[in-house]
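Chemist: Quick one: the structure is below, and I'll ask about it shortly.
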There are 2 protein chains.
Amino acid sequence: MNTMMKISLALLRSAILLTFLTIAVLSAFVSPASAADTDQDLMNRAKAIFGPLPAFMPSPDNPITPAKVKLGNMLFWEPRISSDGVVSCAKCHPLGLFAADGLKKAVGNHCKENPRNSPTIFNAAAQISAHWIGNRTSVEDQAKQALIGPPSYGMPTYESVEKILKSMPGYVKLFREAFPQDKEPVTVDNFARAIGAFERTLMTPSSFDDFMNGKAEALNAQQKRGLRTFLDTGCTTCHYSPYVGGQIYRKFGVFQPYENLTKSQPIDEGRFAVTKNEADKYMFKVPILRNVAATPPYFHDGSVEKLEDAVRIIAKLQLNRDLTKEQAADITAFLGSLTGAIPESAIKAPLLPLAD
Amino acid sequence: MNTMMKISLALLRSAILLTFLTIAVLSAFVSPASAADTDQDLMNRAKAIFGPLPAFMPSPDNPITPAKVKLGNMLFWEPRISSDGVVSCAKCHPLGLFAADGLKKAVGNHCKENPRNSPTIFNAAAQISAHWIGNRTSVEDQAKQALIGPPSYGMPTYESVEKILKSMPGYVKLFREAFPQDKEPVTVDNFARAIGAFERTLMTPSSFDDFMNGKAEALNAQQKRGLRTFLDTGCTTCHYSPYVGGQIYRKFGVFQPYENLTKSQPIDEGRFAVTKNEADKYMFKVPILRNVAATPPYFHDGSVEKLEDAVRIIAKLQLNRDLTKEQAADITAFLGSLTGAIPESAIKAPLLPLAD
């Protein structure tokens, strides 16, 4: 090897080294730009799957008016129309606890246990149906039927409820204002419409919405990893829409009976109870995940206390995926970004009309 | 009679007639002034017996601070420190129902019936004691002991409550802010102080206060008659102070056993249960009458549903007075003027800290 060649080789080595160094240095500098690109990708994927949370949950059958919302807010807190004088919507949906009661299963009049866990009523009106097994068509239907539900308000008849409401002049006036076209406005159907109108205003936008709206820093690094894992693992097969669920029924326990992991007792056959169709055995409505971190315990029977455990269990049952501890923690952190801001109007316990 | 005399007599008659006419006309014009004098008398009598409602109920042992009130408002609504996860202060004192529950007797954890009726906690902290039989020294003492009261929160120990509160970082922070001098601020004693500070802000000034402050038209004619009858009949022997009661114990049924008229079942021996002193048999704390029209049913056992009936019964039992229908209606109308304005802060159901 002549001197020229040695020099050439040395120069070549230096050039290669310099190139690598340059790439390394440039990479270090461009990495924020890459992250931004990735954030943008993540935002786009999220927006495509979830979409923006609307300002309220509209209903062509029950247009929202201020007078209905005002009355609905009061009726939501009204216990004097229950068989023991203690049950109101707010009993199983205390607004200060994100409109869920924190119990395994809801407790109604005279301490009767309900068959399933109380879901939050925040953001809830846009679901396919109400109740875990879809035996209520809407939040309005749920509110109305609760009045005569034996483990709920437990009233003997709808007429008995109307009689109590009609006995309070304050309510008669409010029903008249909320339903000005009706000759006899104080009905359980209008009770249901007023409660429904109130509930349809209870949206809780969260930092996740800020992220989807382009604010990359609204989620921290762990929450972004969690969102990515949530999208990649297949959670969004069921948990989609702005409500992150609530749009379909699915068999709980696709790869094995759910009670294997939840230790549930007794076994609930889900939507089968409604349809008597074998195919509906163990089918439940996919719950919305808005505010899920704030509304333990989990699943239809509240059988699992911790959100991270619920995340691991559902991934195994539905997708046969064994999440690592890190993945479960990341998804749990992402789910925390769905805990929203509660509208001021929602956390008022309004003064109720006096008995005559 | 000469002409001069005739003329003089005619003039005299005319003068007398004119005088009478003048008096009659003037009387017609001055009658509002007379009424105003009477209103002023009534105001003066009322002010002497009742006195002005303060802006809040102070306590040298538990100074009111914004941080304590904020924490107390939240703890007031907190059900997760009860044995069934359902009982909070707000259960037996729903603020939307003027902080009384409308039941004959309060219902605590696991639907256990309490021995007596829930009194309102509005304006309540300035009473001689808490509870109908005075077995709690103050609202703070009541709040603390309720935690382990078997028919109330039903928790096994104070430590079990403290453990739950300490498990929620949101509460740890709030206790620290409310009790900055304390090394270990999360205690049931501080729980009681925070609840007490919140309750001590819950004053409900009413049209009766406007009247005492000189606004004669704040009470209508029937209410003024009722107030006069209330003062004249002797009701104020027991129902005095700005709270219209709450300052002394009295035997319920001075002239005959109370159950003769209330049909109470079982018979409650009142304060005797606390002191075991024969002289305290059937002694109860005289209840405050602020918001009494808004807080049925009546008496220590809620045995009487209508306020007008309660008015007639108590006058007969305590004063041996048979009120006429009109007198009872007038007093009831006056008591309606004690229904006050609820502070906005009182009817908030605040968002509670999340479980860890």
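Chemist: With the dipole of chain A worked out from charges on the C-beta (+1 for Lys and Arg, -1 for Asp and Glu) around the Cα centre, which of A:N109, A:A273, A:L352 lies farthest toward the positive end?
Modeler: Farthest towards the positive pole: A:A273.
Chemist: Just give the residues from the stretch A:75-92 buried by at least 40 square angstrom of accessible area in the all-chains context relative to the isolated chain, probe 1.4 Å, and say none if nothing qualifies.
Modeler: Buried-area filter returns A:V86.
Chemist: Kindly give the semi-axes, whole Å and largest first, of the ellipsoid equivalent to the stretch A:111-183, taking each as the square root of 5 times a Cα gyration tensor eigenvalue. Mind dumping the intermediate values first?
Modeler: Working: eigenvalues 134, 60, 20 Å².
Semi-axis lengths for the stretch A:111-183 are 26, 17, 10 Å.
Chemist: Separate question: Could you list the residues of the stretch B:224-259 with an amide nitrogen less than 20 Å from a label point located 7 Å from the Cα of B:D41 in the Cα-to-C-beta direction?
Modeler: B:224-237
Chemist: I would also like to ask the following. How far is B:K325 from the same spot in each other copy, in nm, shortest first, if each label point sits 7 Å from Cα toward Cβ?
Modeler: Reported distances to equivalent positions: 8.0 nm.
Chemist: Check the cysteines of chain B one by one and keep only those with no other cysteine Cβ under 4.7 Å from their own.
Modeler: B:C89, B:C92, B:C235, B:C238
Chemist: Could you give me the radius of gyration and the Dmax of chain B, taking only the C-alpha atoms into account and expressing both in angstrom?
Modeler: Answer for chain B, Rg first and Dmax second: 26.7, 114 Å.
Chemist: Something else about it: Rounded if a/c is under 1.5, else prolate if a/b beats b/c, else oblate: with a ≥ b ≥ c from the C-alpha gyration tensor eigenvalues square-rooted, which is the stretch A:245-295? All intermediate terms of the calculation are to be shown ahead of the outcome.
Modeler: Numbers: a/c = 2.04, a/b = 1.28, b/c = 1.60.
Oblate shape, in that a/c is at least 1.5 and b/c is the bigger or equal ratio.
Chemist: Please get the size of the charge dipole for the stretch A:195-310, origin at its Cα centre, with Cβ charges of +1 on Lys and Arg and -1 on Asp and Glu, quoted in debye to the nearest 20.
Modeler: Details: 14 positive and 14 negative charges, 50 e Å.
Dipole magnitude for the stretch A:195-310 comes out near 240 debye.
Chemist: Sticking with this one: In whole Å, largest first, what are the principal axis extents of the Cα atoms in the stretch A:198-352?
Modeler: Computed over the Cα atoms, the extents are 48, 44, 24 Å.
Chemist: Lysine pairs, Cα distance under 27 Å, 8 or more residues apart or cross-chain: how many in the stretch B:188-293?
Modeler: 10
Chemist: Something else about it: Distances from A:N277 to the same position in the other copies: list them in nm, one decimal, shortest first, using label points 7 Å from Cα along Cα→Cβ.
Modeler: Copy-to-copy label distances for A:N277: 7.4 nm.
Chemist: Quick one: in the stretch A:147-210, what % of C-alpha pairs are over 13 Å apart?
Modeler: Summing the P(r) of the stretch A:147-210 above 13 Å gives 70 percent of all pairs.
Chemist: Roughly how crowded by other chains is peptide A:105-113, in terms of the mean Cβ count from those chains within 10 Å of each of its Cβ atoms? Numbers along the way, then the final one.
Modeler: Working: counts 0, 1, 5, 0, 1, 2, 7, 1, 0.
For peptide A:105-113, the averaged partner shielding equals 2.
Chemist: I would also like to ask the following. Might you report the magnitude of the Cβ-based charge dipole of chain A about its Cα centre, with Lys and Arg at +1 and Asp and Glu at -1, to the nearest 20 debye? Kindly include the intermediate steps, with their values, before the conclusion.
Modeler: Values: 39 positive and 35 negative charges, 94 e Å.
Computed about the Cα centre, the dipole is about 440 debye.
Chemist: Let me ask you something else. Quick one: helix A:169-178 against the long Cα principal axis of chain A, what's the angle to the nearest 10°, folded into 0 to 90?
Modeler: Helix A:169-178 sits roughly 50 degrees off the main axis of chain A.
Chemist: Using protein heavy atoms only (no ligands, DNA or RNA), what is the total accessible area buried between B and A, 1.4 Å probe, nearest 100 Å²?
Modeler: Values: alone 17430 and 17450 Å², together 32660 Å².
Buried area (both sides, nearest 100 Å²): 2200 Å².
Chemist: Continuing with this model, one more query. Please compute the Cα-Cα pair-distance distribution of the protein assembly as shown with 10 Å bins starting at 0, giving whole percents from short to long.
Modeler: That works out to 3, 12, 20, 21, 16, 10, 7, 4, 3, 2, 1, 1, 0, 0, 0, 0, 0, 0, in percent per bin.
Chemist: Let me ask you something else. With every protein chain present, what accessible area does B:I195 have (1.4 Å probe, heavy atoms only), rounded to the nearest 10 Å²?
Modeler: Here the residue's solvent-accessible area equals roughly 0 Å².
Chemist: If you don't mind, there's one more thing I want to ask. Treating the stretch B:57-164 as a set of equal point scatterers at the Cα positions, no solvent, please give the Debye-formula log₁₀ I(q)/I(0) at q = 0.17 Å⁻¹.
Modeler: At q = 0.17 Å⁻¹ the computed log10 ratios are -0.83.
Chemist: What figure, in Å² to the nearest 10, do you get for the accessible area of B:W77 with a 1.4 Å probe and non-protein molecules left out?
Modeler: For B:W77, solvent-accessible area is about 40 Å².
Chemist: How much mean residue ellipticity at 222 nm does the protein assembly as shown get from its helices, if each DSSP H run of length 4 or more adds -39500 (n - 2.57) and you divide by all residues, to the nearest 500 deg cm²/dmol? Intermediate results must be reported in sequence, preceding the final value.
Modeler: Details: 26 runs with 310 residues, N = 712.
For the protein assembly as shown, the value works out to -13500 deg cm²/dmol.
Chemist: With a 1.4 Å probe and every protein chain left in place, tell me how much accessible area A:R80 has, in Å² to the nearest 10.
Modeler: Here the residue's solvent-accessible area equals roughly 60 Å².
Chemist: Treating only the Cα positions of the stretch B:268-325 as identical point scatterers, give the base-10 log of I(q)/I(0) from the Debye formula at each q in 0.25 Å⁻¹.
Modeler: With one equal scatterer per Cα and no solvent, log10 I(q)/I(0) is -1.08.
Chemist: Kindly provide the pair-distance distribution of the stretch B:289-356 built from C-alpha pairs, with 10 Å bins from 0 and whole-percent values in order of increasing distance.
Modeler: Histogramming the stretch B:289-356 at 10 Å steps yields 18, 38, 21, 13, 7, 3, 0 percent.
Chemist: Determine which aspartates and glutamates satisfy two conditions relative to B:K348: a Cα distance under 12 Å, and not lying fewer than 8 residues away in the same chain.
Modeler: B:K348 reaches A:E344.
Chemist: Determine the order of B:R228, A:R225 by accessible area, beginning with the largest, at a probe radius of 1.4 Å. Before the final figure, lay out the partial values.
Modeler: Values: B:R228 75, A:R225 115 Å².
The ranking, largest first, comes out as A:R225, B:R228.
Chemist: Rounded to the nearest 0.05, what FRET efficiency do A:D210 and A:Q247 give with R0 = 30 Å and r taken as the Cβ-Cβ distance? Could you check?
Modeler: On the way: r = 23 Å, r/R0 = 0.77.
Calculated transfer efficiency: 0.85.
Chemist: Net charge near A:I313, counting Lys/Arg +1 and Asp/Glu -1 over other residues with Cβ under 15 Å of its Cβ? Each step should come with its number before you reach the end.
Modeler: Working: positive: A:R250, A:K251, A:K263, A:K306, A:R312, A:K316, A:R321, A:K325; negative: A:E259, A:D301, A:E305, A:E308, A:D309, A:D322.
Computed value for this residue: +2.
Chemist: Could you calculate the contour length gain from A:D61 to A:E217, that is, 0.36 nm times the residue separation minus the distance between their Cα atoms, to one decimal place in nm?
Modeler: Numbers: separation 156, 0.36 × 156 = 56.16 nm, distance 3.94 nm.
Result: 52.2 nm gained on full extension.
Chemist: Still on this structure, please answer the following. Place +1 on the Cβ of every Lys and Arg and -1 on the Cβ of every Asp and Glu in the protein assembly as shown, take the dipole about the Cα centre, and give the residue among A:T229, B:S118, B:L147 whose Cα lies farthest towards its positive end.
Modeler: A:T229
Chemist: Next question. Taking the Cα centre of the protein assembly as shown as origin, sum charge times position over the Cβ atoms of Lys and Arg (+1) and Asp and Glu (-1), and report the length of that vector in debye to the nearest 20.
Modeler: 140 debye
Chemist: Comparing the chain by itself with all protein chains present, which residues of the stretch A:320-352 are at least 40 Å² less accessible (probe 1.4 Å)?
Modeler: SASA drop of 40 Å² or more in the stretch A:320-352: A:I347, A:K348, A:A349, A:L351.
Chemist: Counting alpha carbon pairs within less than 8 Å and at least 6 residues apart, what relative contact order, in whole percent, applies to chain A? Walk me through the numbers before you get to the answer.
Modeler: Working: 594 pairs, mean separation 77.4, N = 356.
Relative CO of chain A lands at 22 percent.
Chemist: Report the full-extension gain for the segment A:H110 to A:K281: residue separation times 0.36 nm, less the Cα-Cα distance, to one decimal in nm.
Modeler: Values: separation 171, 0.36 × 171 = 61.56 nm, distance 3.07 nm.
Stretched fully, the A:H110-A:K281 segment lengthens by 58.5 nm.
Chemist: Starting from the Kirkwood Rh over alpha-carbon pairs, what translational D in µm² s⁻¹ does the stretch B:65-127 have by Stokes-Einstein at 25 °C and 0.890 mPa s?
Modeler: On the way: Rh = 12.5 Å.
The estimated diffusion coefficient comes to 197 µm²/s.
Chemist: Still on this structure, please answer the following. Inter-copy label distances at A:P180, 7 Å along the Cα→beta-carbon direction, one decimal in nm, shortest first?
Modeler: From this label point to the equivalent ones elsewhere in the assembly: 5.3 nm.
Chemist: FRET efficiency for B:F255 and B:D309, Cβ-Cβ distance as r, R0 = 22 Å, nearest 0.05?
Modeler: Details: r = 17 Å, r/R0 = 0.79.
It comes out at approximately 0.80.
Chemist: Enter the accessible area per residue of the protein assembly as shown (Å², integer; probe 1.4 Å; all protein chains in place). Walk me through the numbers on the way to the answer.
Modeler: Details: 32660 Å² over 712 residues.
Here the per-residue accessible area is 46 Å².
The values are calculated or read from the model by the stated rules, or taken from the named source; none is laboratory data. Since the model is a prediction, treat every value here as computed from it, not as a measurement. A quick note on method: Cβ atoms are made from the backbone with ideal geometry, for glycine too, and the neighbour counts reach across all protein chains shown. To get the accessible areas, we keep the full protein, side chains included, count just its heavy atoms, and leave off ligands, DNA and RNA. Shrake-Rupley method; radii C 1.70, N 1.55, O 1.52, S 1.80 Å.
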